[in-house]
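Scroll down for the structure; my scribbles are underneath it.
Read the figures in this text as sums done on the coordinates, not as results from a lab. Computed from a predicted model, the values in this text were never measured in an experiment. Every residue, glycine among them, receives a Cβ derived from its backbone with ideal geometry; neighbour counts consider all protein chains shown.
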Amino acid sequence: MLFILYLIFINIALFCLMYIDKRKAIKNEFRISEKTLLTLAFIGGSISMLISMKIIHHKGKKFKNVIPLLTLESFLLLFILLKIID
């Protein structure tokens with residue numbers, strides 16, 4: 001249960017950061033580093049990154065091959081964890 005709450009939190013946080021970064025890109029302001037965004041995606045936020053790439057059209061071309069793999073990784077980790085808990 002704690003892991004699911006963690007995933008919810010990290011995904012909401014990453015979606016918000018992607019939205020903020022998109023707004024800053026439009027205004028030509030200092031932006032959130034790609035390293036930060038990818039790190040958050042790697043540690044469980046890939047689902048929200050994939051969704052934000054589709055909804056707000058942010059980082060779609062640059063990360064189009066990486067994020068689906070990270071999303072698959074997140075689902076596999078969740079599946080394994082749920083199997084271990086049962």
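Taking the helices alone, the chain has a mean residue ellipticity at 222 nm of -24000 deg cm²/dmol, built from -39,500 (n - 2.57) per DSSP H run of at least 4 residues and averaged over all its residues.
How far is helix 46-55 tilted off the main Cα axis of the chain, in degrees rounded to 10, range 0 to 90? That works out to roughly 40 degrees. How far is helix 66-85 tilted, in degrees, relative to the longest principal axis of the Cα atoms in the chain, given as a value from 0 to 90 rounded to the nearest 10? The angle comes out near 30 degrees. Sites listed here are GluC sites (Glu not before Pro) in the chain whose DSSP assignment is loop and whose Cβ has at most 14 other Cβ atoms within 10 Å: GLU29. The angle separating the long axis of helix 2-26 from the principal Cα axis of greatest extent in the chain is about 10 degrees. If you wrap the Cα atoms of the chain in a convex hull and average its projected area over all directions, you get 5.4 nm². Loop-located chymotrypsin sites (Phe, Trp or Tyr not before Pro) in the stretch 10-86 (DSSP state not H, G, I, E or B) with no more than 14 neighbouring Cβ atoms inside 10 Å: PHE30.
Going from the fewest other Cβ atoms within 10 Å to the most, the residues THR71, THR36 appear in the order THR36, THR71.
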